[in-house]
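The values are calculated or read from the model by the stated rules, or taken from the named source; none is laboratory data. Everything quoted here is computed from the prediction, not taken from an experiment. Don't worry about glycine lacking a Cβ; one is built from the backbone with ideal geometry, like all the others, and counts go over all protein chains shown. Heads up: the accessible areas ignore ligands, DNA and RNA and are worked out on the full protein's heavy atoms, side chains in. Shrake-Rupley method; radii C 1.70, N 1.55, O 1.52, S 1.80 Å.
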Amino acid sequence: MKKSVWRAIQDQWSTIPPVANADLTGQTVVVVGATTGIGFEAAKHFGRMGPTKPILACRNEEKGRAAASRIQEETGFERTEVRYIDLARFASVRAFADTFENESRLDILVMNAGIIALGARKESVDGWEEVLQVKDLSTSLT
Ligand SMILES: NC(=O)c1ccc[n+]([C@@H]2O[C@H](COP(=O)([O-])OP(=O)(O)OC[C@H]3O[C@@H](n4cnc5c(N)ncnc54)[C@H](OP(=O)(O)O)[C@@H]3O)[C@@H](O)[C@H]2O)c1
């Protein structure tokens, strides 16, 4: 939903809506870009809802594992899996999608990873402007 500037200002004084909750037993949840920021908080929130297969899709596996440990510390949830993906590399996106070949389901996909490209145009190894690459994962998964 697109908000007007006035509506956005008004929202600063609004009551925060209650945090949504659900039982995610049996479900597979993927958060792309879950090492930090919004993606990490989303993954932590999903952890509290007990998905059977929660996957943190990260370009830095060490940071991904650190995020999984923090989720365990902060929520007690232990099953978080870390898988490698670099959205700036088509080959990596395809390899990540291939890891789902034998999976029977994918219930929730949070396409969070992204960068704010400031300054000079930067090209990925595939020769595309980096900021545009976030679109490619959904194509590969369908
Ligand atoms: N925060 C805001 O106010 C705001 C406003 C509008 C839109 N957004 C959008 O919301 C999303 C999350 O924002 P945020 O503030 O939480 O960002 P953030 O703290 O910078 O986190 C971005 C996440 O994306 C990952 N990432 C970046 N490039 C990647 C790549 N090529 N492949 C895989 N993962 C990659 C980062 O991994 P590393 O840890 O490895 O860097 C990190 O986990 C972004 O798409 C952002 O553009 C944010």
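Which residue, ALA68, ALA97, ILE55, has the largest displacement toward the positive end of the dipole of region 22-141 when charges sit on each Cβ (Lys, Arg +1; Asp, Glu -1)? Among ALA68, ALA97, ILE55, the one farthest towards the positive end of the dipole of region 22-141 is ALA68. For region 59-106, a/c is not less than 1.5, where a ≥ b ≥ c are the root eigenvalues of the C-alpha gyration tensor, and a/b does not top b/c. That puts it in the oblate class.
Only Lys, Arg, Asp and Glu count, each charged at its Cβ (+1, +1, -1, -1), so figure out the dipole size of region 20-142 about its Cα centre, rounded to 20 debye.
Numbers: 15 positive and 18 negative charges, 28 e Å.
So the dipole magnitude of region 20-142 works out to roughly 140 debye.
Pairs of lysines in the chain whose Cα atoms sit within less than 26 Å of one another amount to 10, provided the residues are eight or more positions apart or on different chains. Take every pair of alpha-carbon atoms less than 8 Å apart whose residues are at least six positions apart; their mean separation over the length of the chain yields a relative contact order of 23 percent. The listed residues SER124, SER14, once ranked by accessible area (1.4 Å probe) with the largest placed first, stand as SER14, SER124.
With a 1.4 Å probe and every protein chain kept in, tell me what percent of the accessible surface of the chain is carbon plus sulfur. Taking all protein chains in place, the chain shows 53 percent carbon and sulfur surface. The antiparallel fraction among DSSP beta bridges confined to the chain stands at about 5%.
A helix-only calculation puts the chain at -10000 deg cm²/dmol for mean residue ellipticity at 222 nm, using -39500 (n - 2.57) for each DSSP H run of at least four residues, averaged over all residues.
When the chain is treated as a Gaussian network with alpha carbon springs shorter than 10 Å, the biggest mean-square fluctuation among PHE100, PHE77, PHE90 belongs to PHE100.
Look at the dipole of the chain built from charges on Cβ: of ALA20, SER4, LEU106, the Cα furthest out on the positive end belongs to SER4. Between VAL30, VAL93, VAL125, which gets the highest mean-square fluctuation from a Gaussian network model of the chain, Cα cutoff 10 Å? Maximum fluctuation in the GNM of the chain, among the listed residues, is at VAL125. Once the Kirkwood radius over Cα pairs is known for region 22-141, the Stokes-Einstein relation at 25 °C and 0.890 mPa s delivers a diffusion coefficient of 167 µm²/s.
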